[in-house]
1. Any chance you could tell me what percent of the C-alpha pair distances in the stretch 149-204 go past 16 Å?
2. Radius of gyration and Dmax for the stretch 1-104's Cα atoms, expressed in Å?
3. GNM on the chain, C-alpha springs below 10 Å: top fluctuator among Q50, Q96, Q173?
4. Once the other residues with Cβ under 15 Å from the Cβ of I33 are scored (Lys, Arg +1; Asp, Glu -1), what is the net sum?
5. If you rank H186, H23 by fewest surrounding Cβ atoms within 10 Å, what's the result?
6. Pop out the ³J(HN,Hα) list for the stretch 151-162 in order, Karplus 6.51 cos²θ - 1.76 cosθ + 1.60 with θ = phi - 60°, rounded to Hz; leave Gly and Pro as x.
7. If we restrict to alpha carbons, what Rg and Dmax does the chain come to, in Å?
8. Tell me the trypsin sites (Lys or Arg not before Pro) within the stretch 46-102 that lie in a loop according to DSSP and have at most 16 other beta-carbon atoms within 10 Å.
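Just so it is clear, none of the values below were taken in a lab; they were calculated from the coordinates. If you're wondering where the values come from, they're calculated on a predicted model, not measured in any experiment. FYI the Cβ positions are ideal-geometry reconstructions off the backbone, even for glycines, and counts take in every protein chain you see.
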Amino acid sequence: CFVCGESGATITCRETGCDRRFHLPCAMEGGCITHYLPPYRSYCWEHRPQQREEVAPESTTCLICLDSVEGRTTYGTMVCPVCKHAWFHRACIQGQAMRAGIFCLQCPLCRNRSQFLMEMLFMGIRIPARLVQASWEDNSAYAQLYQRHSSCNARECLCPGGREEAEPEGPWQLLLCCSCAAEGTHRCCSNLGNSTERWECDNC
C-alpha cells in the first residue's frame, strides 16, 4: 500500500500506467477515490476525478458542521455542482450520505437530488442503497409531531370524564388554542358557548 506501506493492498489505480495500490481503509488518508457503483473504479491521489475549479467566497462555512472550509475545491472540500453555493467537507457529506441513503440524499442548500447525487457518486462518496426511509426517520423518531393535543388544560377541569374526555360537540368538546395548538380546554371549563369557534390559551 503506497499509503501505509503494509502488504495486502488489493485496490489498484485505474489510470493506465499507474501501479499505485492501496487498502480501502487507507483511501481517505491517501486522498484516493473509489466509485461505489459499477464498474467500481478506483483512483490514486494523482489521477482521481476532481470537481471543476470553484473559488469559494470569503468566510464560507460547511453547511453541515458549520466549520470553515478551504478557499477552493479540494479533496476535502466540495461544492454542490448545481447551486454552487453549498460548500461542505468530504467527511461531512459522507456522513450525511450514510444516514440519508440513495433515495434521500440531496444538496443541503438547493435540495437538488439527481445532479447532486451523480456528482457525489462520481467524486467517490459512498451512498448506501437504503430501501427504507432515511435513518433519522427510523423508529418513528418524529411520531410525536403528528399527535394532536388531547387534554383539557383549564386550571379546574369540570368534565366528569376527566381531562382526556372529548366529545364531538357540546360542553365537553375540546378546543385547541388557535395560536399554538399545544393547549386545550373543554367549552364548559372556560365558559365558552357553542357559538365560539376560536379560543386562545393564556400563554398566547
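1. 29 percent
2. Just the Cα atoms of the stretch 1-104 yield Rg and Dmax of 15.1, 43 Å.
3. Q173
4. +3
5. Fewest-to-most ranking of H186, H23: H23, H186.
6. Calculated HN-Hα couplings, in order: 9, 8, 9, 4, 4, 10, 7, 9, 5, x, x, x Hz.
7. 27.6, 86
8. Here the trypsin sites (Lys or Arg not before Pro) that fit, given the DSSP loop and packing criteria, are R52, K84.
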